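The values are calculated or read from the model by the stated rules, or taken from the named source; none is laboratory data. Predicted model, so just to flag it, every value in this text is computed and none were measured. Positions of Cβ are backbone-derived with ideal geometry, glycine not excepted, and every protein chain shown enters the neighbour counts. Just so you know, the surface numbers come from the protein's heavy atoms only, side chains and all, with ligands and any DNA or RNA stripped out. Shrake-Rupley method; radii C 1.70, N 1.55, O 1.52, S 1.80 Å.
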Amino acid sequence: MPRIIVLHGPNLNLTGVREPEIYGAGTLADIDGELQRQGEALGIEVECFQSNHEGDLIDRIHEAGRCCDAIIINPGALTHYSFALQDALRAVGLPVVEVHMSNIYAREVWRRRSVIAPVASGQITGFGSQSYSLALTAASRLIERREAGGRPL
Ligand code: DHK
């Protein structure tokens, strides 16, 4: 069965509590639960992991390189400056879907730059918690595409 890891970066453990007008009222557990259900329906094993620490996220990316078929990542604010995350994602070479609940292009100027985007297959931004389910659909298509030898989505 294909396996996808969903990585949530700093402060995403506070989803549902912090700035609900931006990130929504649902909790991270709600989001992870929905991804598990969607994964079961798609026949994909979904593992979710949140950390406030860059190094822990990098360790999980390295592990994913040994056991997973794709990575979905919302790096939180690390999106905008973590070249270490960029290098880790590039190093493992798996398909990557970058996710943001808010529209990072419609907020502060510093949020408009993603250093993760160059190593991602694509980015989903601005659809609230639904960004994650769209990302899971995209990641499952990327895995199918890889298995079929790289045909377009
Ligand atoms: C989440 C964060 O924590 C921010 O630092 C990013 C992202 C945006 C989101 O929209 O999910 O800038």
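For the reader, a short list of remarks on this structure follows.
- Built amide H within the under 5 Å cut-off of residue 99, gap 5+: 73, 74, 124
- Within-15-Å neighbourhood charge of residue 26 [Cβ basis; K, R +1; D, E -1]: -3
- Accessible area of the chain belonging to carbon and sulfur atoms, whole % at 1.4 Å probe: 51 percent
- In the range 35-139, trypsin sites (Lys or Arg not before Pro) in a DSSP loop with at most 16 other beta-carbon atoms within 10 Å: 107, 113
- Where only alpha carbons of the range 100-153 are counted, the Rg and the Dmax (Å): 13.1, 40
- What separates the Cα centres of the range 124-153 and the range 1-59 is a distance of 16 Å.
- Two tests apply to each whole DSSP H helix in the chain, Cα reach of 15 Å or more along its axis and mean Kyte-Doolittle hydropathy of at least -1.0, and the ones passing both are 28-42, 54-67, 130-147.
- Interchain or long-range residues, amide H under 5 Å from residue 48's placed H: 6
- Taking all protein chains into account, the per residue accessible area for the range 3-147 stands at 46 Å² (1.4 Å probe).
- Taking 0.36 nm per residue of sequence separation and removing the Cα-Cα distance, the residue 11/residue 83 pair yields an extension gain of 24.0 nm.
- Near-label residues of the range 86-127 by backbone N, under 16 Å of a point 7 Å along Cα→Cβ of residue 147: 95
- Working from label points 7 Å from Cα in the Cα-to-Cβ sense, the residue 127 to residue 62 distance is 3.4 nm.
- Stretchable slack from residue 18 to residue 91, in nm (0.36 nm times residue separation minus alpha-carbon distance): 23.0 nm
- Size of the chain: Rg and Dmax of its alpha carbons, in Å, are 14.3, 43.
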